[in-house]
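Laboratory data are not the source of any read-out in this text; all were calculated from the coordinates shown. Values in this document were obtained by computation on a predicted structure and should not be read as measured data. FYI the Cβ positions are ideal-geometry reconstructions off the backbone, even for glycines, and counts take in every protein chain you see.
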Amino acid sequence: MFQTPPIKRDASLASKCRRAKPDLLTPLGLPADLPADWPARARAKMTELLGKYRSLRLFLDLCVHCGACADKCQFFLGTGDPKNMPVARADLFRKLAG
C-alpha cells in the first residue's frame, strides 16, 4: 500500500516552472511571452469556465475540505506540500475567480 508523504510546508517554493521555447509555442498558436494583462485574462477565463461548466461549479460547491483526495493527487504526493492538495487548489480557484 502506498504511504502518503509527510507534510512539508512550503516545499513547492523551491520549484520553478520552466517556460517553453518560442519555437515550440509558435506552431501551437501560443504567445512566446506572457501578455501584460495575463492576470486579468486568467480571472476572466476562470469566470467563463464557472459559467459554462456546471460540473466545475458542483465540484467547488461540494468539496467539504476533508482531504480524502490528497493521497490520489500526484502534485501533493510529489511534494508533500499542503498547498498542492486539491482542496488548496480549489480554494485558490474560488478566490481568484470569485
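Of all residues assigned to region 11-33, at least one qualifies as being of a type in the set (S, T, N, Q) and under 15 Å from THR79 (Cβ atoms).
Conditions (1) of a type outside the set (D, E, K, R); (2) in a loop (DSSP other than H, G, I, E, B), marked per residue:
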| position | (1), (2) |
| --- | --- |
| GLN3 | yes, yes |
| ILE7 | yes, yes |
| LYS16 | no, yes |
| LEU34 | yes, yes |
| LYS45 | no, no |
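Cβ-Cβ distances below 9 Å connect the following pairs, each with a first residue in region 72-84 that is charged (D, E, K, R), a second residue that is in a loop (DSSP other than H, G, I, E, B), and a separation of six or more residues or different chains: ASP81/ILE7; ASP81/LYS8; ASP81/ARG9; ASP81/ASP10; ASP81/SER15; LYS83/ARG9; LYS83/ASP10.
Comparison of ASP71, ASP61, ASP23, ASP91 shows that the only residue that is outside any loop (DSSP other than H, G, I, E, B), more than 18 Å from the chain's Cα centre (by Cα) and of a type in the set (Asp, Glu) is ASP23.
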